[in-house]
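Okay, so here's the structure we're looking at.
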Amino acid sequence: MSTTNQNSLLRFTTAGSVDDGKSTLIGRLLYDSRSIFQDQLEAVENSSRKKGLENADLSLLTDGLRAEREQGITIDVAYRYFATPRRKFIIADTPGHLQYTRNMVTGASTADLAIILIDARHGLVEQTHRHSFIASLLGIKHLVVCVNKMDLVDFNEDQYQTITSAFRNFSSRLDIPDIKFIPISALFGDNVVEASANMPWYEGGTLLSHLEEVHVGSDRNLQDCRFPIQYVIRPQTDEARDFRGYAGRIASGVFKVGDEMVALPSGMQSRVKEIFVGADAVECAFPPQSVTITMENDIDLSRGDMLVRENNQPRSLQEIDAQLCWMGDERLNLGVRYVVRHGTTEVKSMIREVLYKVDINTLHRNEDDKQIGMNDIARVRLRTASPLLADDYRRNRTTGSFILIDPGTNLTVAAGFIS
Amino acid sequence: MTQDYQLDHLDELEAESIFVLREVAAQFERPAILFSGGKDSIVVTHLATKAFAPARIPMPLVHIDTGHNFPETIEFRDGLAERLGVQLVVGSVQATIDAGRVREETGAQASRNRLQTTTLLDTVEDGKYDACVGGARRDEEKARAKERFFSHRDDFGQWDPKHQRPELWNLFNGNHMPGEHFRVFPLNNWTELDIWNYITREQIALPSLYFAHDRKCVVRDGVILAHSEHLPHREGETPETMRVRFRTLGDLTITGAIASDADTLEKITAEVAATRITERGGRVDDKRSETSMEDRKKEGYF
């Protein structure tokens, strides 16, 4: 590990079927990058011995909850951290189980990159389609397809090529600009951190070197200025009696002192007077910074409002077409007034119509079956009690996303993508 | 910060934590910061001053005092609350014991660690706190790797890890029924090394215990424990003076020290970067069983 902190952050998610070796891959990344501590490794070795295994089972490093250890499966998103001298990484390790697909959506929602694992013996399976589609739906721009367990197919190049061309063929229907293929053996470490001696025919880099180098900075939207007001700071102390600061996180765009802004929904205009990060004044702010902005004039702004530019505004929508990923135990019920949480606003809504359900294995649109339950992805039309200041999800992950909350249970029952 | 509008990873973590803290202030009626006196809750408090500047932190600091705390921790806590002008609320484990709500553990492994949970839940109920902000991090322990930023607790204060609300993007659902509360973890994505790099960068004041000092200690089962009146001696144990520092601050009776000469933030950060043992490796409370943290968290532990 390095003490340097002048490096960037990469958030990625991993998905695979139950036995694709996902936990082993993460264990391998942590182990070979020397991010595992001695006492953690000793604990894993002890558990492995108790289970009668010869080598340390690296998947035990990531399967944390009691139920998971007992059943040998991953049932919830787990977050893992490691760093190399070049970058810091946050892994959202998501279950591959059919009934836990909602967790992949959760893990992928904050990720810049997704790793898809394919078992070299089996090639593309239903879950491969499902996970790739979800990555595409979530707007992930970088995909790494790891063809794992190459050791079990004698490191055979033909087998690898067959799988990669099948994947290319399938992924042409998805919207993911950057797809990279790597043949690996997570169990033995081939092409994970160290280059493999068993696959001389592969000329690309290892998984870790790709993760260190992949450029995600240009994925951010620096064009459309969107500053959703999160909280209004009014100290009312002697030193700062007239201070009125608008606190929030820049969703997109670059904000500079002196910029002319429009407050929505009021439409009032004013210039940016000051921008603070903590107590320090800065000249400009950009995503994903949390800042406090003061304006030249007293304008009406409170939580849920937004600062934007006059010539580049979000849409004000009350009738919304969106994709939903359903996550609730109970099915979608057209009679329930679900609460929409969008940015910093919360508003009641009605789902007027289910347009179709997507078969996420074939991407086929099913207009006949409109029963929407856990793990289903559907296109719906909903109406909100007041307008949302929204953009297309493809253009803006923050202003284009929402969740639905069941008002009876307060549970989060769906993730929504505006398009 | 550079011309290409990139943040380094500490700035990005800071921005995320500040967002979470402001979301707490906006979504809850009576939030509080659970302040242990340890470095993580000190960093949370520091981030809160940034989140609400130039206003004061709009929530009290709540401390659960086991009665077995290091005196240095208590002194630091009082000084910080006064300097920031924040209200300090103290829940006392001794009072919980005196009221007969819990029974003191006996035996060689006795500690007040588990008893804190009852005092914590009582304090939450008395203060009607609907959100308690803590300094826990996902990298600390395997059961914590699955924590949400907004973590729901039922009206018994219990955590149900198999039925957590999915948490997407930066949309935190803090909606709850009366009597239920949330635990909120702004530092979820920080590692121990991030914390030390940040403390060094921001020059955040810490209790002296974190820095190498001479102290009377006993070595028990390979763990260096501070000699004190709360730690009953076992046969054959004689305290000796050692040069040590603490990596985490829990109770005197369970927090292991490490032999160290690191007496500045820079030296500590270098030591943390080179170490091969996790910081909770010295915590006797985690060694009780493979899932002892998960079990305590379900009951409502920090």
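The values are calculated or read from the model by the stated rules, or taken from the named source; none is laboratory data. This one's a predicted model, so the numbers in the text were calculated from it and none came from an experiment. We place every Cβ from the backbone using ideal geometry, glycine too, and count neighbours over all the protein chains shown.
Couple of notes before you dig in:
- Checking each residue of the range B:184-203 against the condition of being acidic (Asp, Glu), under 28 Å from A:ILE36 (Cα atoms) and buried (at least 21 other Cβ atoms within 10 Å of the Cβ) gives at least one match.
For every residue, the table says whether it meets (1) buried (at least 23 other Cβ atoms within 10 Å of the Cβ); (2) within 14 Å of chain A (Cβ to nearest Cβ); (3) farther than 30 Å from B:MET177 by Cβ; (4) modelled with pLDDT under 95.
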residue: B:MET1; (1), (2), (3), (4): no, yes, yes, yes
residue: B:GLN6; (1), (2), (3), (4): no, yes, yes, yes
residue: B:ILE33; (1), (2), (3), (4): yes, no, no, no
residue: B:ILE42; (1), (2), (3), (4): yes, no, yes, no
residue: B:ALA53; (1), (2), (3), (4): no, yes, yes, yes
residue: B:PRO60; (1), (2), (3), (4): no, no, no, no
residue: B:GLY91; (1), (2), (3), (4): no, no, no, yes
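- Which numbered condition B:GLY179 fails, given (1) of a type outside the set (S, T, N, Q); (2) under 24 Å from the mean Cα position of the chain (by Cα); (3) closer than 28 Å to B:VAL43 by Cβ; (4) more than 12 Å from chain A (Cβ to nearest Cβ): (3)
- Annotation: A:ILE116 fulfils all but one of (1) crowded, with 18+ Cβ neighbours inside 10 Å; (2) touching a helix residue (DSSP H, G or I) at 6+ places or on another chain (Cβ under 8 Å); (3) within 14 Å of another protein chain (Cβ to nearest Cβ); the unmet one is (3).
- Taking the criterion of being surrounded by 16 or more Cβ atoms within 10 Å (Cβ to Cβ), of a type in the set (A, V, I, L, M, F, W, C) and over 30 Å from B:ARG22 (Cβ atoms), the residues of the range A:337-371 that qualify are A:ILE351, A:VAL354, A:VAL358, A:ILE360.
- Residue in the range A:289-319 that is surrounded by the fewest Cβ atoms within 10 Å (Cβ to Cβ), counting only those that are within 14 Å of chain B (Cβ to nearest Cβ), out of contact with any Phe, Trp or Tyr (no Cβ under 8 Å at 6 or more places or on another chain) and in contact (Cβ under 8 Å) with a residue 60 or more places away in the chain: A:SER302
- Flag if B:LEU13 is closer than 18 Å to B:ASN188 by Cβ and within 15 Å of the chain's Cα centre (by Cα): no
- Cβ separations smaller than 7 Å between residues 6+ apart or across chains give the following pairs from the range A:192-211 residues that are touching a residue at least 12 places away in the same chain (Cβ under 8 Å) to residues that are among the basic types (Lys, Arg): A:VAL192/A:ARG28; A:HIS210/A:LYS180.
- Failed criterion for A:ARG352 (all others in (1) assigned to a strand (DSSP E or B); (2) on the phi > 0 side of the Ramachandran plot hold): (2)
- Residue identified as touching a residue at least 24 places away in the same chain (Cβ under 8 Å), assigned to a helix (DSSP H, G or I) and more than 10 Å from chain A (Cβ to nearest Cβ) among B:ILE224, B:ILE199, B:ILE204: B:ILE199
- Hits in the range A:374-417 - residues which are within 18 Å of the chain's Cα centre (by Cα), farther than 24 Å from B:PHE150 by Cα and in a strand (DSSP E or B): A:ILE377
- The set of residues in the range A:135-157 being buried (at least 23 other Cβ atoms within 10 Å of the Cβ), modelled with pLDDT under 95 and in a helix (DSSP H, G or I) consists of A:ALA135 alone.
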